[in-house]
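Notes follow once the structure below has been shown.
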């Protein structure tokens, strides 16, 4: 299998110098080539690499972003990963989340933990450098190489009867998000085994930030210091599932507090395992606007951080305010059918 590097070059050559050197060394011995302009990239393994410079601007990236958003099937069959190099401590993660959502919307899957980001100082590589016994630039090279090797070798395992875990913190009676999920569930029929867990009414306390060693200690025993629903029901369900579906109404242009608490408390389980073989889906509904903001938060927290695999077209995104409005949106039946089919094709051989 060949690796295709999509090199989105900066406006000034000096901004590209460090990234060029890291890619040259990290990919030494790996079969790869740079994509040519206008090339058909469908079905390929793609490593997007861009440098942002001091102000977080890259014109080639902006042109690519436009194309990705305009052509919904541009990257069908692709699996992608990202390297984003910055001149300061800002813009790398936000740009990566924006690009990841656009790639996914154009039909590409993303690996779990698909991002290597390099801040200007490279201080974000301090832990990796210590663990590997190398300097900061050495850690940068090593993580890029590890990402490229995973991109070439990993494939998401499909199963005949996948277990789908659905997490929510809403009411069926009033929530457009829940009503959309009910329609998706009906369309999935018996193709998936579905487990639903509600996180409402204080069922999940937020993470209180235990020291790393304490979190690791409890996580290795399959426990959390704070116990409760997360330890007793949610963690076992995450361990046993093949995919997680988050039902995400937009609260103040952010995930709800309960879903945020779930993600934070998942850290203890993440200490002892990775979720590369578990897919992530979402239903995202905004009353007025801002669903893309929530979608980027989900990708950042669950795929870039917690390592869940992101299937192509991972989210159903709608705008609806009044109770029941979502089910009367123009074209909603077609979008529901398409999303259910996408879940099937991502999970089932």
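The values are calculated or read from the model by the stated rules, or taken from the named source; none is laboratory data. Keep in mind it's a predicted model, so treat the numbers as computed, not measured. Don't worry about glycine lacking a Cβ; one is built from the backbone with ideal geometry, like all the others, and counts go over all protein chains shown.
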**Test: residue 177 is assigned by TED's automatic domain parsing to the domain that holds residue 307, surrounded by 22 or more Cβ atoms within 10 Å (Cβ to Cβ) and in a helix (DSSP H, G or I)** = yes
**Asked** Within region 110-138, how many residues turn out to be in contact (Cβ under 8 Å) with a residue 12 or more places away in the chain and within 18 Å of residue 49 (Cβ to Cβ)?
**Response** 13
**Asked** Within region 31-55, can you find the residues that are modelled with pLDDT of 95 or more and either assigned to a strand (DSSP E or B) or in contact with a helix residue (DSSP H, G or I) (Cβ under 7 Å, 6 or more places away or on another chain) (or both)?
**Response** 32, 33, 34, 45, 46, 47, 48, 49, 50, 51, 52
**Asked** Could we say that residue 121 is touching a helix residue (DSSP H, G or I) at 6+ places or on another chain (Cβ under 9 Å) and modelled with pLDDT under 95 here?
**Response** no
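Residues in region 104-116: is at least one assigned to a loop (DSSP other than H, G, I, E, B), over 20 Å from residue 308 (Cα atoms) and either touching a strand residue (DSSP E or B) at 6+ places or on another chain (Cβ under 9 Å) or at pLDDT 95 or above (or both)? Don't jump to the end; show me each part of the working.
First, pick out the residues of region 104-116 that are assigned to a loop (DSSP other than H, G, I, E, B): 106-108.
Okay, now just the ones that are also over 20 Å from residue 308 (Cα atoms), so none.
There is no residue in region 104-116 that is assigned to a loop (DSSP other than H, G, I, E, B), over 20 Å from residue 308 (Cα atoms) and either touching a strand residue (DSSP E or B) at 6+ places or on another chain (Cβ under 9 Å) or at pLDDT 95 or above (or both).
Residues are listed down the side, and each one gets a yes or a no for (1) in contact with a helix residue (DSSP H, G or I) (Cβ under 6 Å, 6 or more places away or on another chain); (2) in the same structural domain as residue 43 (by TED's automatic domain parsing); (3) exposed (fewer than 14 other Cβ atoms within 10 Å of the Cβ); (4) farther than 22 Å from residue 29 by Cα:
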{"residue": "93", "(1), (2), (3), (4)": "no, yes, no, yes"}
{"residue": "109", "(1), (2), (3), (4)": "no, yes, no, yes"}
{"residue": "126", "(1), (2), (3), (4)": "no, yes, yes, yes"}
{"residue": "149", "(1), (2), (3), (4)": "no, yes, no, no"}
**Item:** residue 52 outside the structural domain of residue 313 (by TED's automatic domain parsing) and under 29 Å from residue 346 (Cα atoms)
**Value:** no
**Request:** Could you list, in sequence order, all residues of region 315-329 that are surrounded by 13 or more Cβ atoms within 10 Å (Cβ to Cβ), free of Cβ contacts under 8 Å to residues at least 40 places away in the same chain and more than 22 Å from residue 108 (Cβ to Cβ)?
**Result:** 319, 329
**Request:** Being outside any strand (DSSP E or B) and surrounded by 21 or more Cβ atoms within 10 Å (Cβ to Cβ) is the filter; apply it to region 79-90 and report the residue that is farthest from the chain's Cα centre (by Cα).
**Result:** 87
**Prompt:** Would it be correct to say that residue 268 is surrounded by fewer than 23 Cβ atoms within 10 Å (Cβ to Cβ) and either more than 16 Å from the chain's Cα centre (by Cα) or not assigned by TED's automatic domain parsing to the domain that holds residue 233 (or both)?
**Reply:** no
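Within 16 Å of residue 1 (Cβ to Cβ) and not in a loop (DSSP other than H, G, I, E, B), is that true of residue 23? Outline the logic, then answer.
On the way: within 16 Å of residue 1 (Cβ to Cβ): no; not in a loop (DSSP other than H, G, I, E, B): yes.
So residue 23 fails the test.
Being in a helix (DSSP H, G or I) and either closer than 16 Å to residue 10 by Cα or within 18 Å of the chain's Cα centre (by Cα) (or both) is the filter here; which residues of region 64-78 pass it? Steps first, answer last, please.
Initial filter on region 64-78 (in a helix (DSSP H, G or I)): 64-70.
Hits for region 64-78 are 64, 65, 68, 69.
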**Message:** Please go through (1) surrounded by 11 or more Cβ atoms within 10 Å (Cβ to Cβ); (2) out of contact with any helix residue (DSSP H, G or I) (no Cβ under 6 Å at 6 or more places or on another chain) for residue 10 and return the number of the only condition it doesn't satisfy.
**Reply:** (2)
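Does residue 332 meet the test of being surrounded by 13 or more Cβ atoms within 10 Å (Cβ to Cβ), in contact with a strand residue (DSSP E or B) (Cβ under 9 Å, 6 or more places away or on another chain) and more than 16 Å from residue 179 (Cα to Cα)? Give the steps one after another, and end with the answer.
Numbers: surrounded by 13 or more Cβ atoms within 10 Å (Cβ to Cβ): yes; in contact with a strand residue (DSSP E or B) (Cβ under 9 Å, 6 or more places away or on another chain): yes; more than 16 Å from residue 179 (Cα to Cα): no.
In short, no.
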